[in-house]
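Please read the structure below before turning to the comments.
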Amino acid sequence: MEAEVDKLELMFQKADSDLDYIQYRLEYEIKANHPDSAGKKNPVTLLKELTALKSRYQTLYARFKPVVVEQKETKNRICATLNKTMTTVQELQKHTDLELSPLTEEEKAVTEQLKSHMPDI
């Protein structure tokens, strides 16, 4: 899960950088190639629309950032709780001389899937 969140965060950062570059290139192209573009949509208006788009993107990213932090914290709490539970069960087994039956194939598959998403376990 953390890898997907990091990947999404990198995608947002790349999109922001791409928007900056596009804006720079548009400004350059307009100045260099179209000093008088009569009858067409005003290039300055297009740039303002791009700026507004970038602003909306930055607002989305600002809303996304706390979610990323909360997801990481929640994952860490889940891992810690699961580790503590597993340790407690193992201690109880030792003190009571009980052994659990082997895991079923389904339980093994779920365990492996959980470990792949949470390597801290």
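The values are calculated or read from the model by the stated rules, or taken from the named source; none is laboratory data. Quick caveat: nothing in here was measured; it's all calculated off a predicted structure. Don't worry about glycine lacking a Cβ; one is built from the backbone with ideal geometry, like all the others, and counts go over all protein chains shown. Side chains included, ligands, DNA and RNA excluded: accessible areas come from the protein's heavy atoms. Shrake-Rupley method; radii C 1.70, N 1.55, O 1.52, S 1.80 Å.
Return yes when Ser116 is small (Gly, Ala, Ser), surrounded by fewer than 11 Cβ atoms within 10 Å (Cβ to Cβ) and in a helix (DSSP H, G or I) and no when it is not. Break it down stepwise before answering.
Working: small (Gly, Ala, Ser): yes; surrounded by fewer than 11 Cβ atoms within 10 Å (Cβ to Cβ): yes; in a helix (DSSP H, G or I): yes.
Answer is yes for this residue.
Just one of the numbered conditions (1) among the hydroxyl-bearing types (Ser, Thr, Tyr); (2) open to solvent by 80 Å² or more (accessible area, probe 1.4 Å); (3) closer than 30 Å to Val5 by Cβ is not true of Ser101; which one?
Condition (3) is where Ser101 drops out.
Tell me, yes or no, whether segment 78-87 has at least one residue that is within 30 Å of Phe12 (Cα to Cα), assigned to a helix (DSSP H, G or I) and not β-branched (Val, Ile, Thr). Explain how you work it out, then say what you get.
In the first step, residues of segment 78-87 are kept if they are within 30 Å of Phe12 (Cα to Cα); the result is 78-80.
Now restrict to residues that are assigned to a helix (DSSP H, G or I): 78-80.
Imposing the further condition that a residue be not β-branched (Val, Ile, Thr) reduces the set to 79-80.
Within segment 78-87, one or more residues are within 30 Å of Phe12 (Cα to Cα), assigned to a helix (DSSP H, G or I) and not β-branched (Val, Ile, Thr).
Among Leu92, Leu114, which is the only one that is out of contact with any Ser or Thr (no Cβ under 6 Å at 6 or more places or on another chain) and over 30 Å from Glu9 (Cβ atoms)? Break it down stepwise before answering.
Values: Leu114 fails: over 30 Å from Glu9 (Cβ atoms).
Result of the check over Leu92, Leu114: Leu92.
Given (1) over 26 Å from Gln113 (Cα atoms); (2) at pLDDT 80 or above, identify the lone condition not met by Ala32.
In the conditions (1) over 26 Å from Gln113 (Cα atoms); (2) at pLDDT 80 or above, Ala32 misses (2) alone.
In segment 1-25, how many residues are over 24 Å from the mean Cα position of the chain (by Cα) and modelled with pLDDT under 80?
0
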